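Down below is the structure, laid out as C-alpha cells.
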Amino acid sequence: MIAVHDVRSAFARIIEHKCPGSKAVTSLCEQFGIHRKLAWQVGKVSYTDDPFVAAKHIPSGKSLSAWLDAAESVGVPPSMVNAARQATDRFEALAAAHAGSRAELEMLLESCSSQYDAESHARWRQQSFEGNSFVWGAHCRVLLALMVLVPSEDKPRYFHAAQLRGLIGFRQTRPGVRWVVNQSVVADDSSRTENSIQRVPLDPTAASRHGGVPVMPQFCSQPMPELTRRRAADGMVMDEFLAGPVGQRGERTLVTGEMARNIGPAHATEHDRVAHFGTAVRVPAELLHYDLFVHSSLFGRVERELRVFSDLASPIAFDDSDSLPVAERIAPLGRGVALAQTPDIPAYTDLASAAFYALGANADDYDLFRVRMPYPPMPVTVMMRHPLPDLA
C-alpha cells in the first residue's frame with residue numbers, strides 16, 4: 001500500500017498548506033473553489049484511518065486534474081502539486097496492473113478493507129438483485145423470516161422452533177415460473193439432517209385446505225395463490241408457488257407459520273456445540289427482515305453473531321470458508337412485541353402477536369433479535385449463531 005500512502009501524504013500536505021485550521025468539507029470548498037463531492041473525496045483520502053477506504057476515494061481523470069489545477073491556482077507551491085500528480089500516476093499504474101476497470105478496483109479494495117461500508121455493500125448487492133430478478137424471472141419486496149424459540153413442555157431441556165416465513169410483494173417477471181417459497185431443514189454442526197422432526201402448522205385448518213402448506217391466510221393476499229409442499233430425501237421440506245400472472249397485477253403476498261417440535265437440546269452435545277438459527281435466501285429481494293424471539297430461560301447469556309454462508313458448495317453450510325462478508329449486525333430490541341414495529345411489513349406486530357397467540361406463549365418472556373439486510377445475496381443462508389452452554 002506504499003502507493004496509497006504516498007497519495008495520502010501528498011494530498012494532506014496540500015490541504016494543510018492551504019487550510020491550516022479547519023479540514024471540514026466547507027473549508028476545502030472555500031479555499032480551493034471546488035464542489036463539495038470533490039472536497040469530500042480529497043479529505044477522505046487524506047484522513048480516513050483505513051488505507052483501502054482511502055484508495056477507493058482517490059479521484060480519477062478530470063476530477064483529480066480539477067483539484068490539482070485549483071490548488072496551483074490558489075497558491076499551493078508547484079512542487080507539492082507535482083508530487084501529488086506523480087503519486088497518483090504511480091497509484092493508477094499499480095491499479096491498472098491489478099484490476100481491469102475502476103469497478104473491479106473498487107471490489108478489490110472493499111474486499112480488503114477492515115471497515116465494512118454498509119451503503120457500498122447494499123449498492124453492489126442491488127446490482128445483483130436487479131440482474132437476478134431478470135435471470136430468475138421473479139423478485140419480492142420483503143423476504144420475511146420470524147422465528148420463536150419455545151421451551152419444550154414434554155422433553156426436558158429441549159426447545160421447539162416456530163418458523164414464520166413470508167414473501168411480501170412477490171412478483172413474477174416471466175410467465176411459467178414455479179417458485180420455492182420456503183425451505184426448512186434441521187441439522188447439527190456436522191450438517192447431519194434430522195428427518196423425524198414433527199412439524200405442526202400454526203393454523204392446522206388452513207394448512208389442510210392448502211395441501212399441507214402451513215399458510216396464515218389473514219396475512220396473505222387474496223385470493224390465495226396456488227401452493228404445493230414436497231419433501232426431499234435429505235430432510236429438506238419445500239413449499240412452492242405454482243406459476244401465476246406476471247408483473248404488478250400478479251403481485252402476491254404469502255405468509256406461512258409452523259412449529260418444529262423438540263428440534264434439539266438447549267445445551268451443548270457431542271455433535272452440536274454451536275446453535276445456528278438461519279433463514280435461506282432463494283429469491284431476489286429488496287430487503288431481508290429476520291427476527292429471532294428467544295425465551296429468556298433458554299441458553300443463558302450468550303454472544304450472538306451474524307454469519308452469512310454461501311450455499312453454492314452445499315445447501316447446509318456452517319464452514320467459515322463459506323462465510324460471506326456483510327456490514328449488517330444483529331440488533332437486540334428488548335422483550336416482547338412492543339418494539340417490533342417495522343415500516344417494511346404492514347401489520348407486522350399483529351403478525352408477531354398472532355404467532356405468540358397460536359403458540360400459547362407470552363411475548364413478554366421473549367428477547368427479540370433482528371437483522372435487516374437490504375438486497376441480500378443469494379443463494380445464502382443468513383444465520384444468527386452462538387455457542388451452546390454446557391449442561392450444568
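Coordinate-derived values only; no laboratory data. Worth saying up front: this structure is predicted, and the values here are computed from it rather than measured. Positions of Cβ are generated from backbone atoms using ideal geometry, with glycine treated the same way; all protein chains shown enter the neighbour counts.
If I stretch the segment between V74 and V274 completely, what's the gain in nm (0.36 nm per residue apart, minus their alpha carbon distance), one decimal? Provide the component values of the computation, followed by the final result.
On the way: separation 200, 0.36 × 200 = 72.00 nm, distance 6.13 nm.
Gain in length upon complete extension: 65.9 nm.
Once you sort the root eigenvalues of the Cα gyration tensor of the chain as a ≥ b ≥ c, which label holds: rounded (a/c under 1.5), prolate (a/b larger than b/c) or oblate (the other case)? Before the final figure, lay out each step's value.
Numbers: a/c = 2.55, a/b = 2.07, b/c = 1.23.
Prolate, because a/c is 1.5 or more and a/b exceeds b/c.
As a check on your grasp of the helix formula, calculate [θ] at 222 nm for the chain: sum -39500 (n - 2.57) over DSSP H runs of n ≥ 4, divide by the residue count, round to the nearest 500. Show your work: numbers first, answer last.
Details: 10 runs with 125 residues, N = 392.
Rounded to the nearest 500, it is -10000 deg cm²/dmol.
Just want the answer: with Cβ charges of +1 for Lys and Arg and -1 for Asp and Glu, which residue in P51, F356, A95 is farthest toward the dipole's positive end in the chain?
Positive-most Cα among the choices belongs to A95.
Can you return the lysines within cross-link range of K18? Criterion is Cα-Cα under 17 Å, with same-chain partners fewer than 8 residues away left out.
Hits, sequence-local ones excluded: K44.
Order of 9-17, 223-231 by packing, highest average Cβ count within 10 Å first? All intermediate terms of the calculation are to be shown ahead of the outcome.
On the way: 9-17: 18.9, 223-231: 14.4.
Ranked from most to least packed, the peptides come out as 9-17, 223-231.
What is the dipole size for the chain, taken about its Cα centre, with +1 at each Lys and Arg Cβ and -1 at each Asp and Glu Cβ, in debye to the nearest 20?
Numbers: 40 positive and 44 negative charges, 172 e Å.
The calculated dipole for the chain is roughly 820 debye.
Considering Cα pairs under 8 angstrom that are at least six residues apart, work out the relative contact order of the chain and quote it in whole percent.
Details: 744 pairs, mean separation 66.2, N = 392.
Normalised by residue count, the contact order of the chain is 17 percent.
Read phi for every residue in region 34-43 and hand back ³J(HN,Hα) as whole Hz from Karplus 6.51 cos²θ - 1.76 cosθ + 1.60, θ = phi - 60°, with x for Gly and Pro.
10, 7, 4, 4, 5, 4, 5, 4, 5, x
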